[in-house]
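Student: The structure follows.
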Amino acid sequence: MIIFGTKGYLHQLAILTLVCGSCGNPSAHALRKRVTKFTLFFVPLFPVSTKYGTQCTFCGAEQKLTQQQSDQLLAQSSGAAGAAGVPGLGGSGQPGPYGQQGQQGPYGQQGPYGQQGQQPGGNPYQR
């Protein structure tokens, strides 16, 4: 008797911050690669199919991608460019919520913990 079948493997390639096409929230998305392999006697031999996709961590919506889109997102994530310009992913190509780099965020020049250089564990009320 010959025992054969398939087994799926899920590889997480990256975590990206994208605007979700379903819920519209800017949130983390898991970039994943699913590989289905043919098995003989429970030993995986060769890949039968490979699929790529993203999943929103806020609403759980999944979106299928091509290999080229996945490669482009990986290249942009290593360059820290985000998903701007990738068709269908909600990237608008606009600057971030605080404009270009070097502009002030919601805490001004001080940052969320008071004086510049103060550590997160420090007391913000102590001078």
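Quick note: the coordinates plus some simple rules give every number you see, no bench work behind them. Just so we're clear, the structure is a prediction, and the values are computed from it rather than from any experiment. Cβ atoms come from the backbone with ideal geometry, glycine included; neighbour counts cover every protein chain shown.
Student: Work out, step by step, the length gained on full extension between Ala61 and Ser78: first 0.36 nm times the residue separation, then minus their alpha carbon distance; give nm to one decimal.
Tutor: 3.7 nm
Student: Which whole-number percent is the relative contact order of the range 4-78 (Cα, under 8 Å, 6+ apart)?
Tutor: For the range 4-78, the relative contact order is 28 percent.
Student: Treat each spin label as a single point 7 Å out from the Cα along the C-beta direction, and report the Met1 to Arg34 distance in nm.
Tutor: 2.9
Student: Please compute the modelled spin-label separation between Leu13 and Ser49, points set 7 Å along Cα→Cβ, answer in nm with one decimal.
Tutor: Taking the two extended label points, one gets 1.7 nm.
Student: Using Cβ counts within 10 Å as a stand-in for footprinting exposure, how do Tyr52, Tyr9 rank, fewest first?
Tutor: By the 10 Å Cβ count, ascending, the order reads Tyr9, Tyr52.
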